[in-house]
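Worksheet: one structure, shown below.
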Amino acid sequence: MADPSSYRPKPGQIPDSPGVYKFRDEHGRVIYVGKAKSLRQRLSSYFQDLAGLHPRTRTMVTTAASVEWTVVSTEVEALQLEYSWIKEYDPRFNVKYRDDKSYPSLAVTLNEEFPRVQVMRGPKKKGVRYFGPYAHAWAIRETVDLMLRVFPVRTCSAGVFKRSAQIGRPCLLGYIGKCSAPCVGRVTPEEHRELAEEFCDFMAGRTGAYLRRLEQRMQEAAEEMEYERAARLRDDIEALRRAMEKNAVVLADATDADLIAVAEDELEAAVQIFHVRGGRVRGQRGWVTDKVEAVDTAGLVEHALQQLYGEESGDAVPKEVLVPALPEPPEPVAQWLAERRGARVDLRIPQRGDKKDLMATVQRNAQQALALHKTKRASDLTTRSRALEEIAEALGLDSAPLRVECFDISHLQGQDVVASMVVFEDGLARKSEYRRFQIRGFAGQDDVRSMHEVVSRRFRRYLQEKQKAGEWTEESAVQDDAAADAPDAPGAPDTHRDDDGRPKRFAYPPQLVVVDGGKPQVAAAQRALDELGVTDVAVCGLAKRLEEVWLPHEDDPVVLPRTSEGLYLLQRVRDEAHRFAIAYQRSKRTRTLKASPLDAVPGLGETRKQALLKHFGSVKRLRAATVEQICETPGIGRKTAETVAAALAAAAPPAPAVNTATGEIMDDVEE
């Protein structure tokens, strides 16, 4: 625990101007980011008597070892920089909202030649128009099914679209009138894009004018006694009205607004957002967060606005944002929102009428979400705490292992040997901390030696990041190890730099290392820790045969009861490590199998490789072709053709494919 007075800036050193500040811990990691209208006043408040600070603030300043700041011109710049730094450094003491579920949205891929309507989750992509988010994917599909009758936009995948274009026949939706079949040229790309844009206009709330046009066309068809066309238009109007009824009118003035409500207690807060477009609720989402910093309702609202609109622009930011409390001061936030929208944004608290009533509904949803979250967490927390206590008691640990790391080795008959590291914190998987390794210290199959290598590499990296600059003496070993590490799990931040405060790959040590295996694997892991001088990390192994727990230097295993929550947690950790390792090993194997003999031909780029495969249909036929026949491929000269023929002749033909279900050797397989 650090003494804040040891790093307190000198009097007069802090400027009296707007800015953003960062607290770092003893390892240089950024642990808190904040902004202030006056840096001098705000930072001085952190260095008062510890007894007068909020408990969470007290924990933060005693964890920190230094503070630094950046002066900006305006409070709006401070807001933008604070958001950027929170996203970049992921400080542990900042409020970070996380969705309590992955909400689906209705997306129209206007960035494609033939736009596609589909359900999408995850981060938004450039050039794609989104509507929602919705609570359930089936609600999107019901709406789309009704609207495809009027707006027959493509909904098929790229593979189905390409296949239909090749065979000259549309899919089933094209035959029943729910797709305009651009794949076979029934409509031009321009006509199909116009349909997609009309679909987007209708979903955006511009419904009245379109319905009136359809009604007028229906009346004209009836007057001209084209009763079949009039009946189709009547059914189209009915389908659109049913789609509209799924989103009831809540604001009569066709308002575009987002309503944000907060429910909180001393430890946690829940945020609910209703997205209202054209007076109708078009989407809903919710967040739950731990209050790891001393923050009031206005502060929670400001953090929610940053999270909600930090990556948005244009119409994705509505004209009105209704909140339960205004940030202090509100002007910089309103100006920041206006800059993201490109027009004025009204940020306010609803005082009366329909908007106030709807805000009360959003508030009830937030309270229910918080109550549900606390009920689930209380139950889960009790079970997880019991499991961790049982593990600590069985292994003779001084305290419950709040961070557990598990390692597993995977290979296919000694080939493509890889390892996985999964992390559980407080009994829950922390997937952003997962890591993958390729075994490169030796060739062949040796699980014990592989385990020693992986554990050594993991803790060498920990020691590297623990030491201050210049204090680590095994620099060459570290550099070699860094080159040998496999890429991080998807979504993990770039953490190659040492002193910039970003989250490090192996910055936090576990209290317990679990290995998938018995006594030999445990001994290898313990030997790796002993060689590095790591003495404060416990090791155990879980053998699959009888689910025995093995400890270093013990001849007999620890047998936990089959009904033990501790054993169940160890099994989940082990199984997750096994799953992650197998997934990585299979992905490497797949990449190996997809390798083509043409990859080894010098000077042959991707374009000419594709031209050769398109011309001959397969590598097998290309291998049997003469140099003159290869020269007939567009873009291939004689010199290149000779190089290709020589390379394919030198390469050994692949092994025959085998049907694993029947055992039949398939001689005629296209490569």
* For peptides 255-265, 306-316, sequence by mean Cβ density within 10 Å, most packed first -> 255-265, 306-316
* **With eigenvalues of the C-alpha gyration tensor scaled by 5 and rooted, region 363-456, Å** => 37, 19, 9
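So if each residue of separation counts as 0.36 nm, and I subtract the Cα-Cα distance between THR74 and LEU412, what length gain in nm does that give? Spell out each step's value before the answer.
Details: separation 338, 0.36 × 338 = 121.68 nm, distance 5.91 nm.
Taking THR74 through LEU412 to full extension adds about 115.8 nm, to one decimal.
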* **Given charges at beta-carbon only (K, R positive; D, E negative), |dipole| of region 338-464 in Debye** => 1000
* Would you pull out the residues with amide H under 5 Å of VAL288's amide H, same chain only if 5 or more places away, H placed 1.01 Å from N? => ARG98, ASP100, VAL271
* **Count of lysine pairs in region 1-134 with Cα separation under 24 Å (8 or more residues apart, or interchain)** => 21
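When the chain is fully extended, how far beyond the present Cα-Cα distance does ASP555 get from GLU632, taking 0.36 nm per residue of separation? Could the numbers behind the result be given before it?
Values: separation 77, 0.36 × 77 = 27.72 nm, distance 7.14 nm.
Additional length available on full extension: 20.6 nm.
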* Sorted peptide list for 549-555, 81-87, criterion being average Cβ within 10 angstrom, highest first -> 81-87, 549-555
* Efficiency of FRET between ARG8 and SER313 - r from beta-carbon atoms, R0 30 angstrom, step 0.05 -> 0.15
* To do: Compute the distance in nm between two label points, each set 7 Å from the Cα along the Cα-to-Cβ direction, one at ARG586 and one at ARG430.
  => 2.8
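Taken together, the values in this text are just the output of simple stated rules run on the coordinates, not laboratory data. Model, not experiment: these values are computed from the prediction. FYI the Cβ positions are ideal-geometry reconstructions off the backbone, even for glycines, and counts take in every protein chain you see.
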